[in-house]
Structures are given as C-alpha cells and as structure tokens.
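The values are calculated or read from the model by the stated rules, or taken from the named source; none is laboratory data. Bear in mind that the values here come from a model prediction, so they are computed numbers and not experimental data. Using ideal geometry, Cβ is built from the backbone for each residue, glycine included, and neighbour counts are taken over all protein chains shown.
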Amino acid sequence: MRSLALVLAIAAIACGGEPTASAPPRGLRLLHTFGAREADLLSGALASWPDPVSTSLVPFARGQTVIGALLRAGTDCPDLIRIDATWLPGLARAGLLVPAPKEALAVDWLPEARSLAEDRGTTWAVPQTVDGLMIVLGPAANGIDGAPPPTIDALIELATHTHAKWGLGLRVDGYWVVPFLRAAGADVADGSTGELGIDRAEARVAIARFARLFGTIAAPAPAPGQEATDEARRFRAGEIAMLVTGPWALADAGELDALRVWPLPEAPRGGHLFVVPKCAADAPRAWKLALHLAEPEVQLAWARAIGTVPTTRAALDEAPRVVKEAYAALVGARPLPREPVTALLFDDLTPAVAAVVAGDATADEALAGVERAWRRLLSGGGS
C-alpha cells in the first residue's frame, strides 16, 4: 500500500507541480524595554520556546514615542511588545493593538495585574509585572520595627531618627513626587476629568517640601543618569536606611533575603504588559508567546532571580518572602489616571522638580510652567 506522502507527491506531479517541503514557521519579533538583567532572563525564557524569536531593545525613556511611531507607520512591525502599563490607553484608543484572546482572559491573574491589562472594558494585554513605589529596608534599618508609617509625615519623622547617614533614599523624578503631592491634597493631572492636580497651593508646598529633603534627611541627588547606580551603592553600604523605589531595584539593593518591604503612603502603582500590535504578521502565535512568558514557572524564575512581582496567583504563592511583601505593599497603592496623557505628564514634571531641588527655580516658578504644559496636553494641544 502506498504511503500517504507518496500519493500526495504523485498527485502534485500529475497536477503540474512538484513536491515541496513545508516551510519552517516564521520567527517572531519581540520588541522590549528590558534592562540587562531582565534581558538575560528573557533569553532563558525564550530557550524553551519551540520557534526562533528575534528580540530588539528600545530604551525605556524613549519607548512610548518610538513604539507609537512604529505602530502608526505599520511597515516594520514587531509581533509582540513589552510596554509600560501607562502607555496602554494611548495605543489602544488609537486603534494600534489587537484585543487579547479568550485564552488570556481565562488565566488566574492577580486583580491588580488584570486591571492594568484593561482599558474601557476590553483586555488588551498579558500582564508581565506589577510594580510601583514602596519602601525597602536593608541592614542599615536594623532597629526600625513596628508598623509601617501610615502617612508621609510619619515616614519623614521616622527617617529623622535612624542611625544611618541618610534616613531616606529618593530620586529626583516626577514619579517619586506623586506620594508627596497626594499627601498634600494635590495630584497629577487626570485626562478623564480635566483636573490639573498641581494648580493649587498644596502642590507647591509638596514640591518645596520634597526638594528640602535632599541633603538633609534624604541622600543628596546624584548626577543625572546615575540615580540607580548611586542609590544602590549607598544603600548597600548602609548609608541609607529606607529606600523609596520599586521592585525593579530589589536585585541591586542587595541579597533578597536580607531586605524588607513596607508600603509607601500614597504610592502610585503600575506595571508592564505584553501587547500585540494590529500590524503584527502573526498575532495568534504572538499571543501564545506572551502567555508562555507569563507562565508561573517563568515568572517564578524572575521573582527568585531579581525580585519582580508576578502577575499570577500560582507564581506569587511560590515567590520569595520579599516579593510577597512587595506585592502586599503595592495592593494598597493607587494607580495613576488610566488616560493617554498620563505618561506624558512626567516629561514636564520631572525637569521642574529637578530645577527646584537644584535651587534653580522656586516651586511656584517651576509648577507654573508645568501647569501651562499640562493644560495644553489636556486640551489636545501638545504631546
């Protein structure tokens, strides 16, 4: 009896064709914003994926702009992209993404992760991490016990009585200012309501207070671009008792087993997502790859190696103690407004804060410029 392959070959020749071997599947293209440690872990996770995947890096600081332009052009499109959660509303509402398939909806995501992947009732992403600001305590915080400080005032008071050289580690960054704005009764702009959040006296008080901490209670601001390296060095050396940062910094802060995590009052919460653009050449396989990278085994490996907070209950249940503490700290944090303009706000707020910290402008002067810029953003007159 003839084999099926021989029958098909004879049929092909009879119809004027030649037998051909099936082409191997096209390799997927993944665009990401990972740092060096994460990129190494990504390579390890891709080793168990059956098909080739080519990866490309876009620097996080330029990610939103570069990715938006790339997807609007639609001519050199990746299949899968890792983005910051604040970029999702803008990309989704511009019609640049494919909604997540039913397989992604059925995963037992943590509630905070699931909400990051949604916009206006539709799920657009596979959540990769949950993050935000929290308080990290290391060996220099020995003797700091009891309940976490419930307010920013209590945190500052606690920081003044530590035995370390500096009670706090902060970054000169608009994201780090959010808790101080909220504690004072202000906030960042909300694109859904049109409220600016910083157009009031409380915001100016908060910015001035934040700036005064550097060199007194908080370690002096390092040179721009050296923030992560400098804070990690000082923290590991025991010069800083309490570091205000996110899960992304745990691996640099020291051995995970030696760290503790507390909630930061009024902290913002965010995360990272895998999305599939509408211009992707192979959306179905791209979603399968995204789900592979979010499998509990993969997420648990990352949590154990560098302290990232998983997005599934199964992975979190097996994560190291400090990662569970980080998740518990972030549960009570409040996400930034889920609007397209949100990520753009910090392009104006961060340099304004830096000017006040450096003494180059008063809080009134710096926030006046931020207010003008944010009004243009909310009215659609800037980007």
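Looking at 87, 49, just one residue is closer than 14 Å to residue 275 by Cα, among the aromatic types (Phe, Trp, Tyr) and touching a residue at least 60 places away in the same chain (Cβ under 8 Å), and that residue is 87. Taken over the stretch 192-216, the residue count meeting the criterion of being in a loop (DSSP other than H, G, I, E, B) and surrounded by 21 or more Cβ atoms within 10 Å (Cβ to Cβ) is 3.
Per-residue answers, yes or no, for (1) within 26 Å of residue 113 (Cβ to Cβ); (2) β-branched (Val, Ile, Thr); (3) loosely packed, with under 15 Cβ neighbours inside 10 Å; (4) under 22 Å from the mean Cα position of the chain (by Cα):
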position	(1), (2), (3), (4)
330	yes, no, no, yes
335	yes, no, no, yes
338	yes, no, no, yes
348	no, no, no, yes
355	no, no, no, no
360	no, no, yes, no
366	no, no, no, no
372	no, no, yes, no
379	no, no, yes, no
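Scanning the stretch 212-236 for residues that are modelled with pLDDT of 95 or more and under 19 Å from residue 359 (Cβ atoms) yields 212, 213, 214, 215, 216, 217, 218, 219, 220. Confirm whether residue 222 is part of a loop (DSSP other than H, G, I, E, B), farther than 19 Å from residue 329 by Cβ and not β-branched (Val, Ile, Thr). The answer is yes for residue 222. Here residue 300 qualifies as free of Cβ contacts under 8 Å to residues at least 40 places away in the same chain, surrounded by 20 or more Cβ atoms within 10 Å (Cβ to Cβ) and farther than 24 Å from residue 196 by Cβ. Only one residue in 260, 233, 204 is under 30 Å from residue 304 (Cα atoms), touching an Asp or Glu at 6+ places or on another chain (Cβ under 7 Å) and of a type in the set (Lys, Arg). Which one? Criteria check complete, one pass: 260.
Total residues in the stretch 225-265 satisfying the condition of being within 21 Å of residue 328 (Cβ to Cβ), of a type in the set (Val, Ile, Thr) and in a helix (DSSP H, G or I): the figure is 0.
Suppose we filter 326, 343 for residues that are among the aliphatic types (A, V, I, L, M), within 15 Å of residue 129 (Cβ to Cβ) and assigned to a helix (DSSP H, G or I); which single one remains? Of the residues listed, the single one that is among the aliphatic types (A, V, I, L, M), within 15 Å of residue 129 (Cβ to Cβ) and assigned to a helix (DSSP H, G or I) is 326. With the requirement that a residue be in a helix (DSSP H, G or I) and in contact (Cβ under 8 Å) with a residue 24 or more places away in the chain, what does the stretch 305-323 give you? Listed by number, the residues that qualify are 305, 306, 313, 314, 316, 321, 322, 323.
Condition check ((1) in contact with a Cys (Cβ under 8 Å, 6 or more places away or on another chain); (2) of a type in the set (Val, Ile, Thr); (3) farther than 30 Å from residue 43 by Cβ) across all residues:
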position: 306; (1), (2), (3): no, yes, no
position: 315; (1), (2), (3): no, no, no
position: 328; (1), (2), (3): no, no, yes
position: 348; (1), (2), (3): no, no, yes
position: 369; (1), (2), (3): no, no, yes
position: 374; (1), (2), (3): no, no, yes
position: 377; (1), (2), (3): no, no, yes
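Quick check on residue 93: is it at pLDDT 95 or above, among the basic types (Lys, Arg), outside the structural domain of residue 307 (by TED's automatic domain parsing) and touching a strand residue (DSSP E or B) at 6+ places or on another chain (Cβ under 8 Å)? It is false that residue 93 is at pLDDT 95 or above, among the basic types (Lys, Arg), outside the structural domain of residue 307 (by TED's automatic domain parsing) and touching a strand residue (DSSP E or B) at 6+ places or on another chain (Cβ under 8 Å). Return yes when residue 3 is modelled with pLDDT of 95 or more, loosely packed, with under 14 Cβ neighbours inside 10 Å and not charged (D, E, K, R) and no when it is not. Considered against the rule, which asks whether it is modelled with pLDDT of 95 or more, loosely packed, with under 14 Cβ neighbours inside 10 Å and not charged (D, E, K, R), residue 3 comes out as no. Only one entry of 330, 344 meets the criterion of being touching a Gly at 6+ places or on another chain (Cβ under 9 Å), in the same structural domain as residue 80 (by TED's automatic domain parsing) and not charged (D, E, K, R), and that entry is 330. Could you list, in sequence order, the residues of the stretch 87-120 that are in a strand (DSSP E or B) and either among the polar types (S, T, N, Q) or over 25 Å from residue 380 (Cα atoms) (or both)? Residue satisfying the conditions is 109 alone.
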